[in-house]
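**Q** Structure incoming, see below.
The values are calculated or read from the model by the stated rules, or taken from the named source; none is laboratory data. Not measured: the values here are computed from a predicted model. All Cβ positions, even for glycine, are placed from backbone atoms using ideal geometry, and neighbour counts span all protein chains on display. Accessible surface is based on the protein model in full, side chains and every heavy atom, while ligands, DNA and RNA are left aside. Shrake-Rupley method; radii C 1.70, N 1.55, O 1.52, S 1.80 Å.
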Amino acid sequence: TLRNELHDEDVSFSIVYPPDTKTPGFDLENKTKPKELLIMSETAGLLSAEQVGEKIVKGMLKKKFYILPGESGMLWRIVRHFPRLAHWLTDRELKKARKKIAKEKIEKKGIKKEIKKIENEEKKIKKEIKEVKKAEKKTEQNIIDFSKMEKKSKDKTKKYKEKTEKDKKKGKKKEKKK
């Protein structure tokens with residue numbers, strides 16, 4: 001209506017359909033945007049503010065009524081001429097995004113299960129290591145005890161041999177005296 005009212009005044013109007021544009025506002029918006037929409041907007045591409053501004057200025061200089069920078073032009077044309085197709089396409093992209101999110105959740109759960117299994121295995125291994133160390137200490141103590149017993153046995157054997165030798169010598173001396 002405004003366009004028609006001001007037509008004779010040589011005032012032109014443009015409607016801009018900007019795509020996702022890399023700006024601080026866009027970054028802020030992405031912090032609260034639903035994950036599905038973040039995934040969907042990944043495929044649309046991202047233009048810089050300079051690229052969008054350049055398209056807007058060029059469109060205004062050409063006195064275009066609709067200014068559609070980037071891929072938004074294609075989507076707008078589909079919406080305008082084939083609204084059902086546009087809805088079908090966006091619904092399909094939304095389903096894909098939701099499947100991707102569900103798959104990520106499943107993978108995270110699977111990863112969490114794997115981490116839990118690994119942690120349990122780690123606990124078992126630590127327990128086994130403790131048992132092995134305990135057994136090593138016991139074995140070392142047994143070796144020490146065995147060494148002590150062996151030494152005692154050698155000492156007793158030596159004393160017995162010495163005593164036997166003495167007894168033999170005494171026995172020989174007694175025979176000589178007779």
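**Q** Is the stretch 87-95 home to any residue that is among the polar types (S, T, N, Q), touching a strand residue (DSSP E or B) at 6+ places or on another chain (Cβ under 7 Å) and under 30 Å from Thr21 (Cα atoms)?
**A** Narrowing the stretch 87-95 to residues among the polar types (S, T, N, Q): 90.
With the extra rule that they be touching a strand residue (DSSP E or B) at 6+ places or on another chain (Cβ under 7 Å), the set shrinks to none.
Within the stretch 87-95, not a single residue is among the polar types (S, T, N, Q), touching a strand residue (DSSP E or B) at 6+ places or on another chain (Cβ under 7 Å) and under 30 Å from Thr21 (Cα atoms).
**Q** Tell me, yes or no, whether the stretch 98-105 has at least one residue that is in a helix (DSSP H, G or I), open to solvent by 100 Å² or more (accessible area, probe 1.4 Å), at negative phi and modelled with pLDDT under 90.
**A** yes
**Q** Which residue out of Lys151, Lys161, Lys127, Lys108 is in a helix (DSSP H, G or I) and within 30 Å of Leu37 (Cα to Cα)?
**A** Every option except Lys108 fails the conditions.
**Q** Which condition number does Ile118 fail, the rest of (1) within 16 Å of Leu37 (Cβ to Cβ); (2) at pLDDT below 90; (3) aliphatic (A, V, I, L, M) being met?
**A** Tallying (1) within 16 Å of Leu37 (Cβ to Cβ); (2) at pLDDT below 90; (3) aliphatic (A, V, I, L, M), Ile118 fails exactly one: (1).
**Q** Taking the condition of being assigned to a helix (DSSP H, G or I), closer than 24 Å to Gly73 by Cβ, open to solvent by 50 Å² or more (accessible area, probe 1.4 Å) and of a type outside the set (A, V, I, L, M, F, W, C), how many residues in the stretch 1-26 meet it?
**A** Within the stretch 1-26, residues that are assigned to a helix (DSSP H, G or I), closer than 24 Å to Gly73 by Cβ, open to solvent by 50 Å² or more (accessible area, probe 1.4 Å) and of a type outside the set (A, V, I, L, M, F, W, C) number 1.
**Q** Same structure again: For the stretch 63-75, give me the residue count where each residue is part of a helix (DSSP H, G or I), touching a helix residue (DSSP H, G or I) at 6+ places or on another chain (Cβ under 9 Å) and open to solvent by less than 70 Å² (accessible area, probe 1.4 Å). Working first, answer last.
**A** Restricting attention to the stretch 63-75, the residues satisfying the condition of being part of a helix (DSSP H, G or I) are 72-75.
Then drop every residue that is not touching a helix residue (DSSP H, G or I) at 6+ places or on another chain (Cβ under 9 Å), which leaves 72, 75.
Now restrict to residues that are open to solvent by less than 70 Å² (accessible area, probe 1.4 Å): 72.
Counting residues in the stretch 63-75 that are part of a helix (DSSP H, G or I), touching a helix residue (DSSP H, G or I) at 6+ places or on another chain (Cβ under 9 Å) and open to solvent by less than 70 Å² (accessible area, probe 1.4 Å) gives 1.
**Q** Something else now. Would you confirm whether or not the stretch 41-56 contains a residue that is touching a residue at least 12 places away in the same chain (Cβ under 8 Å), open to solvent by 50 Å² or more (accessible area, probe 1.4 Å) and assigned to a strand (DSSP E or B)?
**A** Checked the stretch 41-56: no residue is touching a residue at least 12 places away in the same chain (Cβ under 8 Å), open to solvent by 50 Å² or more (accessible area, probe 1.4 Å) and assigned to a strand (DSSP E or B).
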